[in-house]
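Here the structure is laid out as structure tokens; the discussion comes afterwards.
The values are calculated or read from the model by the stated rules, or taken from the named source; none is laboratory data. These numbers were taken from a predicted model, which means no experiment stands behind them. Every residue, glycine as well, gets a Cβ built from its backbone with ideal geometry; the counts of neighbours run over all protein chains shown.
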Amino acid sequence: MEYSEDFYRLALIRQEGFGPATLKKILQLAGSATLAFTNPTSWMSHIRKRKRAVSALHINDTIRREVDQELRLMSTRDIHLCFFQDKEYPYRLKSCPDSPLAFYYKGDGDFNKPRTIALVGTRDATEYGRRCVNKILLELRDADVVTVSGLAYGIDTEVHAQSINNGLRTIAVLGSGLGNVYPKQNEKLAHDIVSHGGSLISEFRYDAQPDRLNFPKRNRIIAGLADATIVVESGEKGGSIITAHIAQSYNRDVFAVPGRITDQSHDGCHNLIRQNIAAIVTSGNDILDLMNWNKTQTAIQTQLFVDLSDEETLLVETIRNAGAVSLDKISEQFPNYTPSKLAGLLLGLELKSVITCKPGKYYSIRI
């Protein structure tokens, strides 16, 4: 029986005994989910599990029934699947070692905008924390920044709501299925996010409940989608602190907003700053400066002091518009350049002090 590629993709996710890394390797060898099932000889001899050959992928009645039901739900509720092999898959997230094989989303499917920041914080937000979010996003409203948060109570809710109010696209990453928005009080906010050009994302099946074990998984996607993570308000422990540490492990920038030293709701931010994990930010303008997203300043400096070839100019404009961009993403945008030529151009720009290479092979304009 013949199935669609999306059917095979959803069936692939349901294979027991195969971790995400193994499934990604199978896809790389086979070329597609369809071929992974229909042409197992393309990968089986190359995959070993505890020094034994693995079994072939399979589709039983349970998998067939679940996938058919999920495809119907996706069709009737305008839900889409973003798969690891899709060109639309977020390049920032793809570079993370524990990135999901796939995720579901509603709303806009462009997850590769040039400037994306995650803002997270405590569920027990104070008026001070909310005012900090409002100030930062008001100052970013003209910078074409996409925000990411987790749709939780408190700071997350404020991030999404104020992003909408300031005309910024916002992405909410759920710790439940798209059919079970959590908390329930944010169902209208979730609808508003989509209707204002944003997105809802979940790696969990449509009807998945908001299990407490889902939220640490959710946090890695929040950190992985963004160029930088900002902790606005947090106690010593909590999901936002975990997200900050995950972002650091991905070689992403981490920022924290300071607060009153007598208030424990800011201890987590102060610890991040004291441990040199996070830099202090007190405004949206701080973020623009620290991320080298101030276009006017970089454009003037490059024009005044450096002579660039046409090819170098194209590379500089690409990196400037992105703020910080991975080598893989640059390669995608310049398919006619051989790896050696691209490496030579980038090295030349580094030697001219026009760009800088960050950990993880991310390039940004040097100010």
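The rows are residues; the columns are (1) touching a Gly at 6+ places or on another chain (Cβ under 9 Å); (2) closer than 30 Å to CYS269 by Cα; (3) not polar (S, T, N, Q).
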site	(1), (2), (3)
LEU151	yes, yes, yes
GLY154	yes, yes, yes
SER163	yes, yes, no
LEU168	yes, yes, yes
VAL173	yes, yes, yes
GLN185	no, yes, no
ASP192	yes, yes, yes
SER195	yes, no, no
LEU200	yes, yes, yes
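What residue, of THR116, THR122, is within 28 Å of GLN333 (Cβ to Cβ) and either crowded, with 19+ Cβ neighbours inside 10 Å or in contact with a Lys or Arg (Cβ under 7 Å, 6 or more places away or on another chain) (or both)? Before the answer, list the steps.
Working: THR122 fails: within 28 Å of GLN333 (Cβ to Cβ).
Going through THR116, THR122 in turn, the sole match is THR116.
Between residues in the range 242-265 that are within 13 Å of VAL232 (Cα to Cα) and residues that are crowded, with 17+ Cβ neighbours inside 10 Å and among the small types (Gly, Ala, Ser), which pairs lie under 6 Å by C-beta distance while being six or more apart or on different chains?
Pairs that qualify, where the first residue is within 13 Å of VAL232 (Cα to Cα) and the partner is crowded, with 17+ Cβ neighbours inside 10 Å and among the small types (Gly, Ala, Ser), are THR243/ALA223; VAL254/ALA244; VAL254/ALA247; VAL254/ALA278; PHE255/ALA278; ALA256/ALA278; SER265/GLY235.
Taking the stated definitions as given, is GLY197 under 19 Å from VAL145 (Cβ atoms), part of a loop (DSSP other than H, G, I, E, B) and in contact (Cβ under 8 Å) with a residue 12 or more places away in the chain? Explain how you work it out, then say what you get.
Details: under 19 Å from VAL145 (Cβ atoms): yes; part of a loop (DSSP other than H, G, I, E, B): yes; in contact (Cβ under 8 Å) with a residue 12 or more places away in the chain: yes.
Criteria met by GLY197.
Go through the range 132-157 and count every residue that is of a type outside the set (A, V, I, L, M, F, W, C), over 19 Å from the mean Cα position of the chain (by Cα) and assigned to a helix (DSSP H, G or I). Spell out the reasoning first.
Applying the first criterion (of a type outside the set (A, V, I, L, M, F, W, C)) to the range 132-157 yields 134-135, 139, 141-142, 144, 147, 149-150, 153-154, 156-157.
Of the ones still in play, those that are also over 19 Å from the mean Cα position of the chain (by Cα) are 134-135, 139, 141-142, 153-154.
This time we only want the ones that are assigned to a helix (DSSP H, G or I), so: 134-135, 139.
Counting residues in the range 132-157 that are of a type outside the set (A, V, I, L, M, F, W, C), over 19 Å from the mean Cα position of the chain (by Cα) and assigned to a helix (DSSP H, G or I) gives 3.
State all residues of the range 29-47 that are within 15 Å of TYR8 (Cα to Cα) and assigned to a helix (DSSP H, G or I); if no residue qualifies, say none. Talk me through it step by step, then tell me what you get.
Start the filter on the range 29-47 by keeping residues that are within 15 Å of TYR8 (Cα to Cα), which leaves 30-40.
Hits for the range 29-47 are ALA30, ALA33, THR34, LEU35, ALA36, PHE37, THR38, PRO40.
Of these, LYS352, LYS341, LYS361, which one is of a type in the set (Lys, Arg), surrounded by fewer than 17 Cβ atoms within 10 Å (Cβ to Cβ) and at pLDDT below 75?
Numbers: LYS352 fails: at pLDDT below 75; LYS341 fails: at pLDDT below 75.
Result: LYS361 is the single residue among LYS352, LYS341, LYS361 that is of a type in the set (Lys, Arg), surrounded by fewer than 17 Cβ atoms within 10 Å (Cβ to Cβ) and at pLDDT below 75.
Identify, by number, the condition in (1) closer than 30 Å to TYR362 by Cβ; (2) part of a helix (DSSP H, G or I); (3) at pLDDT 90 or above that THR22 doesn't meet.
(3)
So which of SER234, SER199, SER240 ends up being assigned by TED's automatic domain parsing to the domain that holds ILE277 and over 16 Å from VAL120 (Cα atoms)? Talk me through it step by step, then tell me what you get.
Details: SER234 fails: over 16 Å from VAL120 (Cα atoms); SER240 fails: over 16 Å from VAL120 (Cα atoms).
Being assigned by TED's automatic domain parsing to the domain that holds ILE277 and over 16 Å from VAL120 (Cα atoms) holds for just one of SER234, SER199, SER240, which is SER199.
If we keep just the residues of the range 228-272 that are touching a Pro at 6+ places or on another chain (Cβ under 7 Å) and surrounded by fewer than 23 Cβ atoms within 10 Å (Cβ to Cβ), which is nearest to LEU93 (Cα to Cα)?
This residue is ASN251.
Residue-wise test of (1) free of Cβ contacts under 8 Å to residues at least 60 places away in the same chain; (2) in the same structural domain as THR22 (by TED's automatic domain parsing); (3) out of contact with any Leu (no Cβ under 6 Å at 6 or more places or on another chain); (4) not charged (D, E, K, R).
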site: LEU71; (1), (2), (3), (4): no, yes, yes, yes
site: ASP86; (1), (2), (3), (4): yes, no, yes, no
site: TYR89; (1), (2), (3), (4): yes, no, yes, yes
site: SER95; (1), (2), (3), (4): no, no, yes, yes
site: SER99; (1), (2), (3), (4): no, no, no, yes
site: TYR105; (1), (2), (3), (4): no, no, yes, yes
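Looking only at residues that are basic (Lys, Arg) and assigned to a loop (DSSP other than H, G, I, E, B) in the range 63-105, which one is modelled with the highest pLDDT?
Let us first name the residues in the range 63-105 that are basic (Lys, Arg), namely 64-65, 72, 77, 87, 92, 94.
Within this subset, residues satisfying the condition of being assigned to a loop (DSSP other than H, G, I, E, B) are 77, 87.
On the way: ARG77: 94, LYS87: 86.
Residue satisfying both the conditions and the ranking: ARG77.
Here are some residues: ARG220, ARG205. Which one is surrounded by 17 or more Cβ atoms within 10 Å (Cβ to Cβ), part of a helix (DSSP H, G or I) and not aliphatic (A, V, I, L, M)?
On the way: ARG205 fails: part of a helix (DSSP H, G or I).
Testing whether each residue is surrounded by 17 or more Cβ atoms within 10 Å (Cβ to Cβ), part of a helix (DSSP H, G or I) and not aliphatic (A, V, I, L, M) leaves just ARG220.
GLY198: buried (at least 21 other Cβ atoms within 10 Å of the Cβ) and touching an Asp or Glu at 6+ places or on another chain (Cβ under 9 Å), yes or no?
The answer is yes for GLY198.
GLY109 is checked against (1) surrounded by fewer than 16 Cβ atoms within 10 Å (Cβ to Cβ); (2) at pLDDT 90 or above; (3) assigned by TED's automatic domain parsing to the domain that holds TYR3; (4) assigned to a loop (DSSP other than H, G, I, E, B) and fails just one. What number does that condition carry?
(3)
Run down GLY268, GLY259 and say which single residue is part of a helix (DSSP H, G or I), in contact with a helix residue (DSSP H, G or I) (Cβ under 7 Å, 6 or more places away or on another chain), closer than 19 Å to TYR128 by Cα and not hydroxyl-bearing (Ser, Thr, Tyr). So that I can check it myself, show each step before the final result.
Values: GLY259 fails: part of a helix (DSSP H, G or I).
One residue alone meets the criteria, GLY268.
Go through the range 166-184 and count every residue that is under 22 Å from the mean Cα position of the chain (by Cα) and either part of a helix (DSSP H, G or I) or basic (Lys, Arg) (or both).
Final tally of qualifying residues: 1.
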